[in-house]
Amino acid sequence: MLMLISTALYGCSSGNSSEGAESGGAEGESAEEKTLIFGRGGDSVSLDPIVVTDGESYKVTKNIFDTLVNFGEQDTEIHPGLAKEWTAAEDGLTYTFVLEEGVKFHDGTDFNAEAVVKNFERWAAGDADKFPYYGSMFGGFGDEEGHVIESVTATGDYEVEFKLKRPQAPFLKNLAMSSFGIASPTAFEEAGDKFGDSPVGTGPFKFVEWKRNDTVTIEKNADYWVEGEPKLDRVIFRSIPDNSARLNALLSGEIDLADGITPSDGETIEGNADLQLFERPSMNVGYLGLTNTREPFDDPKVRQAMNHAIDKQAIVDAFFEGRGEVAKNPMPPVINGYNDDIEGYEYDPEKAKALLKEAGLEDGFEMELYAMPVPRPYMPDGQKVAEAIQKNLADVGIKAEIVSFEWATYLEKAAAGEADAFLLGWTGDNGDADNFLYVLLDQDNIGSNNYTYYENQELHDILIQAQTEVDEDTRNELYKQAQEIIHEDAPWVPLAHSTPLLAGGKNVVNFKAHPTGSDKLSTVDLQ
């Protein structure tokens, strides 16, 4: 039936691109607009990339803003962006960037060295509540001791010099992250805290409209500085939280591209001649976070018990259907420095009960379990995973009440330490171990990306040393040590590393799913 529906209805796809228009058409013939409708599982939190940490926001902002340097099409190798070239001093403390000339922000103002300086001044003047990712990636703000960036100076109209207090091995990769999209100073100075409602960058698409919990519309930047891009005239990001509804919208031609395709629906897509399935290169982890400052999760024995109580393999088998693997560390095996020698906590309810008894909780306890309201790349169905965990916990005497909230509220409450335990995950932003271990589990990032409020001074010292170390082998050994400490302290229950799925019509051309989850659509076309 699904194939019949697709065959009958796919012709009404929103692409709106006739063959004549694609091939240029007859002289004087008006080509129809190419509009791509991208169905996604949730709405953005903000369209100011520096104030958010969620993938749904970056999915849009990646196409409105450019960064100084770029990742590769489907990897995290560094390439030129708004900076066309750069040099680094031998001591790793000075970076000089030469910028593209003639680039305009969407409001018509000039992109230049002064604009770059003003963006960094804005970010450095913030705090963890306002700009969480800046502190996570650059060690702090302003005059704080840990803040890596000492100064950012315009040394010419199109030349910028960064001075660092200490070498930072992932510095260039950090700059390429979606969070650090360069915004129009004129626009953010005028809009203030409302900038995220009407973003202005230099990217391939301009912001048009945001209907909350419904659609975000962006349109072609006809003056984009990269020749021949973008191909599309308009992109509409449409929020469809229910996985089945999103799949049906794709099958009926209401949308052209859909993310959050559940593994169980992969075969349906592959069996439909009008559709194509995309696999996002895996660089993620889904986990159950345990807020270490809330009883009884302030006791490592209880956290270890939680790890033994949950049947991870059964969860992966039931909900990932061959497109995921059990996690034992807080970062995926594809990241350099992964410690494969660590033995994961085996599913052992009796061991869990014994640890609870040692912690004085022989009769168990009651807790709240936060379940994500939207599908995420690292966890296609948070509600069902929560229900499986709930049953596992009941088997060892722990009564978990599942609760949920609207996505932005969910993230806010978890970040504030209000959850006993919460399902969440992470898609790597730059392909570096630092982006998992330091960002998610270091004490510097409590209140921002370290939602568990876990702190360990020995771990902190190792992670800072690893950031500063430029020898790759030495860095990898430090990260392996860090994972041993994290494994013993058990602030999380790591659950899975997934291979996220997307699907689109056969008319979608040159879509490349990026491992970071932030897909640049400037080269995508509709035929």
Open item on the list: Which residue is farthest from LYS104 (Cα to Cα), if the candidates are limited to the stretch 152-186 and must be open to solvent by less than 20 Å² (accessible area, probe 1.4 Å) and in contact with a His (Cβ under 9 Å, 6 or more places away or on another chain)?
Closed with: ALA176
Task: Which listed residue, of GLY286, GLY196, GLY253, GLY201, is in contact with a Cys (Cβ under 8 Å, 6 or more places away or on another chain) and open to solvent by less than 10 Å² (accessible area, probe 1.4 Å) - done: GLY253
TODO: Go through the residues of the stretch 405-415 one by one and say whether even a single one is closer than 20 Å to ALA327 by Cα and β-branched (Val, Ile, Thr).
DONE: no
Task: Which listed residue is at pLDDT below 90 and either buried (at least 22 other Cβ atoms within 10 Å of the Cβ) or among the aromatic types (Phe, Trp, Tyr) (or both), from GLY15, GLY24 - done: GLY15
TODO: Give the stretch 241-279 a look and list any residue that's closer than 18 Å to VAL509 by Cβ and of a type in the set (D, E, K, R), or say none.
DONE: ASP256, ASP259, ASP274, GLU279
- [ ] Inspect the stretch 261-268 for any residue being closer than 18 Å to GLY425 by Cα, within 23 Å of the chain's Cα centre (by Cα) and surrounded by 23 or more Cβ atoms within 10 Å (Cβ to Cβ) and give the result as yes or no.
- [x] yes
Task: Residues satisfying the stated conditions in the stretch 90-112, i.e. of a type in the set (Gly, Ala, Ser) and farther than 18 Å from GLY156 by Cα - done: GLY92, GLY108
TODO: Could you tell me which residue of the stretch 332-387 is farthest from GLU77 (Cα to Cα), considering only residues that are acidic (Asp, Glu) and surrounded by 16 or more Cβ atoms within 10 Å (Cβ to Cβ)?
DONE: ASP348
Task: Tabulated pairs, the stretch 397-409, first outside any strand (DSSP E or B), second surrounded by 15 or more Cβ atoms within 10 Å (Cβ to Cβ) and of a type in the set (Asp, Glu), C-beta under 8 angstrom, 6+ apart or interchain - done: TRP407/ASP43; TRP407/ASP54; TRP407/GLU56; ALA408/ASP43
TODO: Would you please list the contacts, defined by Cβ atoms under 7 Å and residues six or more apart or on different chains, that run from a residue in the stretch 485-496 that is on the phi > 0 side of the Ramachandran plot to a residue that is open to solvent by less than 10 Å² (accessible area, probe 1.4 Å)?
DONE: ALA490/ASN307
Task: Qualifying helices (runs of 4 or more DSSP H) (wholly inside the stretch 45-140; at least 1 residues being among the small types (Gly, Ala, Ser) and more than 21 Å from the chain's Cα centre (by Cα)) - done: 113-124
Task: Restricting the stretch 60-80 to residues that are in contact with a Lys or Arg (Cβ under 6 Å, 6 or more places away or on another chain) and surrounded by fewer than 17 Cβ atoms within 10 Å (Cβ to Cβ), the residue that is nearest to THR96 (Cα to Cα) - done: GLU73
TODO: Could you check LEU502 against (1) crowded, with 17+ Cβ neighbours inside 10 Å; (2) among the hydrophobic types (A, V, I, L, M, F, W, C); (3) within 30 Å of ASP341 (Cα to Cα) and say which number it fails?
DONE: (3)
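Out of the stretch 269-283, which residues are hydrophobic (A, V, I, L, M, F, W, C), within 26 Å of the chain's Cα centre (by Cα) and surrounded by fewer than 18 Cβ atoms within 10 Å (Cβ to Cβ)?
Within the stretch 269-283, LEU277 is the sole residue that qualifies.
The values are calculated or read from the model by the stated rules, or taken from the named source; none is laboratory data. The model shown is predicted, which means the values in this text are computed figures rather than measured ones. Because the Cβ atoms are built from the backbone with ideal geometry, glycine has one as well, and the counts that use them run over all protein chains shown. SASA here: full protein model, heavy atoms, side chains in, ligands and nucleic acids out. Shrake-Rupley method; radii C 1.70, N 1.55, O 1.52, S 1.80 Å.
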